[in-house]
Amino acid sequence: MNHSLKVFKFGGASVKDAAGVRNVVSILERYREHPLIIVVSAMGKTTNALEMVVAAHAEKSGKAFELLQAIKEEHYQLARELFGEDHEVFDTINDTFVELEWVLDEEPHSNYDYMYDQIVCVGELASTRIVAAFLNRQGLPTEWVDARDVILTDDIFREGWVQWPETVERARKIVGPLVGAKQFVLTQGFIGSTTENFTTTLGREGSDYTAAIFSYCLDAESMTIWKDVPGVLTADPRKFENVSKLDRLSYREAIEMTYYGAKVIHPKTIKPLQNKSIPLYVKSFIDPAGEGTLISNEVDDTYPPMVAIETDQALVHISTRDFSFVAEHHISYLFTKIAELRMQVNIMQNTAISFAVCVSDIDDKVDQFAGNIAQDFKVMITRGLELITVRHAQPEVLENLRKGKIILLEERIRNTVQLVVQDVPVLQRKAL
Ligand code: ADP
Ligand code: ASP
Ligand code: MG
């Protein structure tokens, strides 16, 4: 283990404006003497805005350039607030965006996902340029590293899978020598590249995962994710009242909750850390002195009920056209098709003549899947559902969650209860 290396991740919310960036710098000032790798996401909602540029370019609506200019202007505005009118960072920002303007000058690429990655990466590239320049100006020497030189992925665009041995080697070779007590290393979340040097992304909200990749590769002593919440809470405070902070959490609990929709940490983040027993802290950038949550090896604690909600779920109900039983060979075939589309299966249930899966309804994957199996199977799809996952459930918590909902599927395994639900239609609610 590299006994003193820490890895910090700051998300979009923490660098959404000049006050945010100044706050991040004030947190980092306290770690002046520590070897530190800092992973930063795109500012605020920049990635959403860039997704609109991608869509406009693909549709040839003529709006892509204009939308991009607005994003560029936001970055200039942030830089003006931090640096005044005259600083070399303006040229760096310009260079970062110019490459993208060249992409928009060309015809849209036939592979949407490829084109998406070449465009949205600019969010992280630009934000990290600004934050690194500002740290340097504030007397905190910082080396900017292009994460695409380090993180090698396969060529599944928008969902690059990390090629671990090569990434470990590159991280040790490129980043290892830069890490030291005299300077910070700062890099982008979310992005990587293929062996042909095409940019890939790791999936939306993937910057937490990037920080875990660096932590793993360089044997960090700990990793910290700085959030706008005091730590991991028993449920999303935007959706529930009376949530409380968890002081400690095992890797296992964290994996279960994030896999099923606790948006506080990207689900892929925990496993690399668990493999090397690297502790993960979730702390508040608003109250940096707060204790936060420590995620580490198994703890003896008994946990309170915890709730995660995943929206945009589809329940796919499948039965054979020839009325035969849904047997193992059918299930095996169906899963081959599911795996081909990299669909996330959240719950499954089978009876003698039918098979139901609850999947995340992303892009047009569910329709593609239904089309691919239509010849042999009858498929019924119910969309717009929520998946509620409760760990360590108590009866009154479940009762509250069921209120106003129609339960389409329910499953209980040991400490987990999962419900696939639909809102009770308003009319029906009145009639009862
Ligand atoms: P980032 O700025 O790093 O991208 P996010 O906005 O993606 O941060 O994640 C932080 C948000 O996650 C919180 O504001 C909160 O609304 C939400 N969240 C969802 N589930 C939880 C949970 N169990 N504990 C804490 N926050 C949660
Ligand atoms: N900027 C990317 C996104 O918004 C990655 C991240 O924020 O983690 O999805
Ligand atoms: Mg986020």
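Within the range 190-212, can you find the residues that are within 16 Å of ligand 1 (Cβ to nearest atom) and out of contact with any helix residue (DSSP H, G or I) (no Cβ under 6 Å at 6 or more places or on another chain)?
Within the range 190-212, Gly203, Arg204, Glu205, Gly206, Ser207, Thr210, Ala211 meet the criteria.
Table: residues versus (1) within 15 Å of ligand 1 (Cβ to nearest atom); (2) part of a helix (DSSP H, G or I); (3) not small (Gly, Ala, Ser).
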site: Ser14; (1), (2), (3): yes, yes, no
site: Arg22; (1), (2), (3): no, yes, yes
site: Leu28; (1), (2), (3): no, yes, yes
site: Glu33; (1), (2), (3): no, no, yes
site: His75; (1), (2), (3): no, yes, yes
site: Glu81; (1), (2), (3): no, yes, yes
site: Asp86; (1), (2), (3): no, no, yes
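Within the range 163-183, is there a residue that is in contact (Cβ under 8 Å) with a residue 24 or more places away in the chain, more than 23 Å from Leu5 (Cβ to Cβ) and either open to solvent by 10 Å² or more (accessible area, probe 1.4 Å) or within 16 Å of ligand 3 (Cβ to nearest atom) (or both)?
no
In the list Ile362, Ile381, Ile338, which residue meets the criterion of being open to solvent by 60 Å² or more (accessible area, probe 1.4 Å) and of a type in the set (Val, Ile, Thr)?
Ile362
From Gln344, Gln394, Gln349, grab the single residue that is within 25 Å of Glu256 (Cβ to Cβ) and either of a type in the set (Phe, Trp, Tyr) or free of Cβ contacts under 8 Å to residues at least 24 places away in the same chain (or both).
Gln344
Return the only residue of Val150, Val122 being under 16 Å from Ser41 (Cα atoms) and away from ligand 3 (no atom under 16 Å from the Cβ).
Selected residue: Val122, the only one of Val150, Val122 that is under 16 Å from Ser41 (Cα atoms) and away from ligand 3 (no atom under 16 Å from the Cβ).
Out of the range 181-215, which residues are within 12 Å of ligand 2 (Cβ to nearest atom) and among the acidic types (Asp, Glu)?
If the condition is that a residue be within 12 Å of ligand 2 (Cβ to nearest atom) and among the acidic types (Asp, Glu), then Glu205, Asp208 are the ones that fit.
Can you find, within the range 35-46, the residue that is nearest to ligand 1 (Cβ to nearest atom) among those that are open to solvent by less than 20 Å² (accessible area, probe 1.4 Å) and closer than 21 Å to Asp17 by Cα?
Ser41
Outside any helix (DSSP H, G or I) and crowded, with 17+ Cβ neighbours inside 10 Å - does that describe any residue in the range 47-58?
Taking every residue of the range 47-58 in turn, none turns out to be outside any helix (DSSP H, G or I) and crowded, with 17+ Cβ neighbours inside 10 Å.
I need the full set of residues from the range 328-345 which are at pLDDT 95 or above and part of a strand (DSSP E or B), in order please.
none
Quick check on the range 216-249: of everything there that is part of a loop (DSSP other than H, G, I, E, B) and within 16 Å of ligand 2 (Cβ to nearest atom), which residue is surrounded by the most Cβ atoms within 10 Å (Cβ to Cβ)?
Once the filter is applied, the top-ranked residue is Val229.
So the check is Cβ under 6 Å with 6+ separation or different chains; which pairs have a first residue in the range 42-64 that's within 16 Å of Ser127 (Cα to Cα) and a second one that's part of a loop (DSSP other than H, G, I, E, B)?
From residues that are within 16 Å of Ser127 (Cα to Cα), the pairs are Met43/Lys16; Gly44/Lys16.
Quick check on the range 250-260. Is at least one of its residues assigned to a strand (DSSP E or B), within 20 Å of Gly290 (Cα to Cα) and either open to solvent by less than 50 Å² (accessible area, probe 1.4 Å) or within 12 Å of ligand 1 (Cβ to nearest atom) (or both)?
Among the residues of the range 250-260, at least one is assigned to a strand (DSSP E or B), within 20 Å of Gly290 (Cα to Cα) and either open to solvent by less than 50 Å² (accessible area, probe 1.4 Å) or within 12 Å of ligand 1 (Cβ to nearest atom) (or both), which makes the answer yes.
Being part of a helix (DSSP H, G or I) and either within 16 Å of ligand 2 (Cβ to nearest atom) or hydroxyl-bearing (Ser, Thr, Tyr) (or both) is the filter here; which residues of the range 261-271 pass it?
If the condition is that a residue be part of a helix (DSSP H, G or I) and either within 16 Å of ligand 2 (Cβ to nearest atom) or hydroxyl-bearing (Ser, Thr, Tyr) (or both), then Pro267, Lys268, Thr269, Ile270 are the ones that fit.
The values are calculated or read from the model by the stated rules, or taken from the named source; none is laboratory data. Just so you know, these numbers come straight off a predicted model, no measurement behind them. Backbone-built Cβ (ideal geometry, glycine too); neighbour counts: all protein chains shown. Side chains are part of the model used for accessible areas, which takes the heavy atoms of the whole protein and leaves out ligands, DNA and RNA. Shrake-Rupley method; radii C 1.70, N 1.55, O 1.52, S 1.80 Å.
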